[in-house]
Structure formats: C-alpha cells, structure tokens
Amino acid sequence: MLSIDLARRLRRSGLRWRPRPGDRFVIDGDAFGDEVFILSDMTIEAHEHPTGTVLGFNGTTEWALDSVAADDSLWLPREDQLRDLLGRAFRSLSRVPALGEGLDGETVAYDVRTRRPGAENDESHLSGDPEDAYALSLLSFIDASLTPDD
C-alpha cells in the first residue's frame, strides 16, 4: 500500500482527489492514527455539497464519527489509479533484485519506468512497494511539468 508520506507529497504536488467507491484514505491527523478506510456504498459514502465533498460514515458508532470533510482526509491511490495517472508516460513495472530482504528471503524492488513526451530515454523509479514506485514516478513527472525548460 502507498506510504502516507508519499500520499502527502502527492497532495502537496497538486494531485486532487475525487472520491469514488473503492478508494482508500486515512483521516489526516493524529485522532485515528494510520487507520485506513475504504469508500463503499454501504459503509462510507462521498456526498457532494456546494461547500465541498463530505465522507459520511454509515453506522460506525464504534468510531463516534458521522462524517469528515474530504479535505481533512488523505487519499491513498491504488496501483491501478497511479498507473492511470501516469497515462501514456508509463512504460513498465518490473520486479528487480535490490538490497534488503523481501518476501521469502528474496531481495526485490519494483522498478517503474516512464518516458516523458519528447524524451529519448526512460526514467526509472525503484521502491520496495510497487505503489510507492508508481508514486515516485508520478511525483517526478509532476515536478518536471512544473519546471520551466532551460
């Protein structure tokens, strides 16, 4: 799952969330720690209001929480959502040898390769988690799009 630190960096970079069923999020702050919630038509629904989107918690008395503004929540995009955001720049995801220990004693990392329009070479971003590798690629793409050409 995408790290909260990278999710915060994506939000600060300008990535906007339009809540949809199946989206994962945390309530940004210390009250709920790192508890991950998932939007669902049955338990947590996004309600659009003129003042903004509110995430309504249905029947969750154990959390003593009726609703929270989407702006007070932090979206944790899934791998497929991050890949979609990269669009045509996405080239590949591969599992590669890396330092450290992975599953079953294997040493692995995930390499997301992208290519910016007009570039001759792919750019590579490595992480121990595929969603983090996608997020690093997306952050690089966003940063490059905001930097004027020399």
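The values are calculated or read from the model by the stated rules, or taken from the named source; none is laboratory data. Quick caveat, the model's predicted, so the values are computed rather than measured. As a convention, Cβ positions derive from the backbone with ideal geometry for all residues, glycine included, and neighbour counts pool all protein chains shown.
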Some residue of the stretch 128-143 being modelled with pLDDT under 90, charged (D, E, K, R) and more than 14 Å from the chain's Cα centre (by Cα): yes
Members of the stretch 71-100 that are assigned to a helix (DSSP H, G or I) and farther than 24 Å from Phe25 by Cα: Arg88, Ala89
Pairs where the first residue, in the stretch 20-31, is outside any loop (DSSP other than H, G, I, E, B) and the second is modelled with pLDDT of 90 or more and among the small types (Gly, Ala, Ser), C-beta under 9 Å, 6+ apart: Phe25/Ala7; Val26/Ala7
Checking Arg16 against (1) assigned to a helix (DSSP H, G or I); (2) more than 18 Å from Asp132 (Cβ to Cβ), the condition it does not meet: (1)
